[in-house]
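The values are calculated or read from the model by the stated rules, or taken from the named source; none is laboratory data. Computed from a predicted structure; not experimentally measured. Neighbour counts run over all protein chains shown; Cβ positions are idealised from the backbone, glycine included. What goes into the accessible areas is simple: the full protein's heavy atoms, side chains included, and nothing from ligands, DNA or RNA. Shrake-Rupley method; radii C 1.70, N 1.55, O 1.52, S 1.80 Å.
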2 protein chains.
Amino acid sequence: MKKYTIKDIAKLAGVSKGTVDRVIHKRGKVSKKALDKVTKLLEEIDYQPNLIARSLKNTKNYHICVIQPNPEIDPYWQPCIDGVNQAINEYKSFGITIDSYFFNHADTYSFLEVNKDVLKQQPDAVLITPVFHKESVEVIKKYNANNIIVSTINDPLELNGITNYVGQDLLQSGRIAASLMEMIVPKNKEIIIIHLDEVFNNSIHMQLKEKGFKNYLEQVSNNNYTLKTYSFQQADLDKELPNLLNKSNNISGVFVTTSKVYSVAKIIKNFTDLDIKIIGYDLLDENIKYLKSNAIDFLIHQNPKHQSYLCITQLAEHFLFDKKIPKQKLLPIDIVNSENFDGYTNN
Amino acid sequence: MKKYTIKDIAKLAGVSKGTVDRVIHKRGKVSKKALDKVTKLLEEIDYQPNLIARSLKNTKNYHICVIQPNPEIDPYWQPCIDGVNQAINEYKSFGITIDSYFFNHADTYSFLEVNKDVLKQQPDAVLITPVFHKESVEVIKKYNANNIIVSTINDPLELNGITNYVGQDLLQSGRIAASLMEMIVPKNKEIIIIHLDEVFNNSIHMQLKEKGFKNYLEQVSNNNYTLKTYSFQQADLDKELPNLLNKSNNISGVFVTTSKVYSVAKIIKNFTDLDIKIIGYDLLDENIKYLKSNAIDFLIHQNPKHQSYLCITQLAEHFLFDKKIPKQKLLPIDIVNSENFDGYTNN
DNA sequence: AACAATTATGTGTTCGTACACATTTTTTGT
DNA sequence: ACAAAAAATGTGTACGAACACATAATTGTT
């Protein structure tokens, strides 16, 4: 399969490469005759421009800023950095520079401050994790006004000003947790949902997970379980959870909607006479530890590393090769147990 | 962050770009003085060659041949084509052409014939699915003798002449099946392993899966189950399996080591008085159907699409940007149930 | 010291595309 | 019919790296 170049087409059409160029880029100033001839030829041979040559010509330097919670405060976000770093390595030779900015995921003010800094930089794109719903809407408007591309990961946010979202279907994620719970918890038992350590109202992901979880149990499992929901700050968990367990001896399943599930497992494993199944989120080292010892039964993997990596990839290929960015990319929701976690942590 | 070019470095070092070029490529014929100066400079500014420019210069056309079982005979292999097609689309503008060749996965002769054809083509690389152990070893030697890169997917094969393997850890895959089985099948029941439709001795993947399955139940589950193994051709299944079920009324779990699990589910669902859990492989439409209706409990996803796509990606980036190809890439082993299959089929 | 042989260094072209600029052809107005 | 304006077409150069080739500097030989 021969590769045709602009020069080849020019010769075949009996015109100059300048004319072919004008046709390809619709710059006008071409006679109808020449336009028809070249257009037809382009179609016939299915001309594919050499993207490498094109990219070389456009030797701009693109700048992407990543804004995410500080992984030193919440280790869930560490893989995000790993994904970003992988992308940096991959694209540094292509004229794409990426800077990371961190905020405190429990402090909306720090989020706003960091975004202010980034805005000053006037990058070509920002990749943000909109964990705070209200504040995110606010800053995204500013980026839009400055013609800065806004990519989001991890937390879905319905907003026109967002170019793309890479993450999961969080409602479905809750359903999956419920389907697993149903398999391992006997009927007529009590299952509790625990939201840990985040402000429920401003955090859409916990709401969606809870909704999905209940949704499944209602529709598929015909309400065979007693369901209760609790929101705790981690500091209070040590008192509150034992209280709950002592009060009701019917609790057989716990669904934790965040990566802090290890702190729940830690408490429950001391109640050795109870058989309580635990399902939670994310492959933190601490969680894996309890997964291995079967104190946690399933973890749902949100794949933050792949989220950030993929999102940057989409931006980079857009800048370099003019690929269009899909509005939404939903990653598979991985079910992880003590036997298959390895494949998800080792890359 | 400024991007330095060879020209920049030449100017900074007070030499010509030719000299810088010779230093970078160690072509010799450079005075010690110039060498030291340029080397130091290269280190200082951490020179990264512009891979796009480099790639443009080497405007070779690379040719990859993909050899896989005909998906019209076994639909498991269809996603493989999808992955290849995705890669074709992605790389056709970069001067990489990919051709697909099919053989009958039940006919070693057709495999050898196809490989003979491909060898004549003298491609730069072949991507093969070594489903036949013995014959694969044979053809790989020939490719090696012709300096053709050999990539493998799906079936592991210990051999020096192989450049890389993209696939799964099949022993672990069996263990995962066992761990799930243990969760949903009560103790002291009988579990049977069924190998379907392939010649066991020449097919390493079924052996590994069985070994892993048994391995887990022995080590972790202390042989709480009665285990039996059967090898059937699909044609005989309709007689043999009902026989088995009628004889023993203790069978509560079936592990099918291939994608043909739907044909087992089809038979078992007629035995409405039995509660038999089924675990098998791969997201064939037919399998998904039974998964949705909970006739199949879990499927293990081998992700053939991603296998082929990723493998070609590795080859392409090697040819285009001189990236080194990792000897082995083990994909995560996805656990799929009726709630999360969607994320794996929709991309 | 003169010249060849060797070694070091510099120059120019190519890859395919994009775009600025130069040149030619056609159209318009008088 | 002819100049001027407008439209169409052609030409040349840059992007950054790679490499062939030309030229310059050094070394060795008599």
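Kindly evaluate A:Asp124 against the criterion of being touching a residue at least 40 places away in the same chain (Cβ under 8 Å), in the same structural domain as A:Gln78 (by TED's automatic domain parsing) and in contact with a Pro (Cβ under 8 Å, 6 or more places away or on another chain). Judged against the criteria, A:Asp124 is not a match. Checked against (1) within 14 Å of chain B (Cβ to nearest Cβ); (2) aliphatic (A, V, I, L, M); (3) open to solvent by 20 Å² or more (accessible area, probe 1.4 Å), A:Ile96 passes all but condition (3). If you go through the stretch A:55-71 and keep only what is free of Cβ contacts under 8 Å to residues at least 24 places away in the same chain and more than 9 Å from chain B (Cβ to nearest Cβ), you end up with A:Lys57, A:Asn58. As for the stretch A:306-317, it holds at least one residue that is at pLDDT 95 or above, among the small types (Gly, Ala, Ser) and in a helix (DSSP H, G or I).
Yes/no matrix, rows are residues, columns are (1) assigned to a strand (DSSP E or B); (2) surrounded by fewer than 14 Cβ atoms within 10 Å (Cβ to Cβ):
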| site | (1), (2) |
| --- | --- |
| B:Tyr109 | no, yes |
| B:Asn115 | no, no |
| B:Lys120 | no, yes |
| B:Val126 | yes, no |
| B:Pro130 | no, no |
| B:Val137 | no, no |
| B:Ile140 | no, no |
| B:Asn147 | no, yes |
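For A:Gly212, the conditions (1) in contact with a strand residue (DSSP E or B) (Cβ under 8 Å, 6 or more places away or on another chain); (2) free of Cβ contacts under 8 Å to residues at least 60 places away in the same chain; (3) open to solvent by less than 10 Å² (accessible area, probe 1.4 Å); (4) small (Gly, Ala, Ser) are fulfilled apart from (1). Within the stretch A:228-241, the only residue that satisfies the criterion of being under 26 Å from A:Ser179 (Cα atoms) and more than 29 Å from the chain's Cα centre (by Cα) is A:Leu241. Scanning the stretch B:270-280 for residues that are without any contact (Cβ under 8 Å) to a residue 60 or more places away in the chain and in a strand (DSSP E or B) gives B:Ile278, B:Gly280.
Taking the stretch B:295-325, which residues are out of contact with any helix residue (DSSP H, G or I) (no Cβ under 7 Å at 6 or more places or on another chain), touching a residue at least 24 places away in the same chain (Cβ under 8 Å) and at the interface with chain A (Cβ under 10 Å from one of its Cβ atoms)? Across the stretch B:295-325, the qualifying residue is only B:Asn303.
Answer with yes or no whether A:Asp275 is open to solvent by 10 Å² or more (accessible area, probe 1.4 Å), at pLDDT below 95 and in the same structural domain as A:Tyr91 (by TED's automatic domain parsing). Against the criterion (open to solvent by 10 Å² or more (accessible area, probe 1.4 Å), at pLDDT below 95 and in the same structural domain as A:Tyr91 (by TED's automatic domain parsing)), A:Asp275 does not qualify.
Just wondering, is there one or more residues in the stretch A:53-72 that are more than 12 Å from DNA strand D (Cβ to nearest atom), at pLDDT 90 or above and open to solvent by 60 Å² or more (accessible area, probe 1.4 Å)?
For the stretch A:53-72, residues more than 12 Å from DNA strand D (Cβ to nearest atom), at pLDDT 90 or above and open to solvent by 60 Å² or more (accessible area, probe 1.4 Å): present.
The number of residues in the stretch A:153-205 that are within 12 Å of another protein chain (Cβ to nearest Cβ), assigned to a loop (DSSP other than H, G, I, E, B) and over 14 Å from the mean Cα position of the chain (by Cα) comes to 2. None of B:Ile267, B:Ile279 is of a type outside the set (Lys, Arg) and closer than 21 Å to B:Asp334 by Cβ except B:Ile279.
The numbered conditions (1) open to solvent by 10 Å² or more (accessible area, probe 1.4 Å); (2) assigned to a loop (DSSP other than H, G, I, E, B); (3) not aliphatic (A, V, I, L, M) are all true for B:Asn340 except (1).
Within the stretch B:278-294, the set of residues being out of contact with any helix residue (DSSP H, G or I) (no Cβ under 6 Å at 6 or more places or on another chain), open to solvent by 10 Å² or more (accessible area, probe 1.4 Å) and not hydroxyl-bearing (Ser, Thr, Tyr) comprises B:Asp285, B:Ile288, B:Lys289, B:Lys292, B:Asn294.
Scanning the stretch B:22-47 for residues that are open to solvent by 80 Å² or more (accessible area, probe 1.4 Å), free of Cβ contacts under 8 Å to residues at least 24 places away in the same chain and assigned to a helix (DSSP H, G or I) yields B:Arg22, B:Lys32, B:Lys33, B:Asp36, B:Lys40, B:Glu43, B:Glu44. Determine if the stretch A:10-17 includes at least one residue that is free of Cβ contacts under 8 Å to residues at least 24 places away in the same chain, within 16 Å of DNA strand D (Cβ to nearest atom) and within 14 Å of chain B (Cβ to nearest Cβ). The answer is no; no qualifying residue exists.
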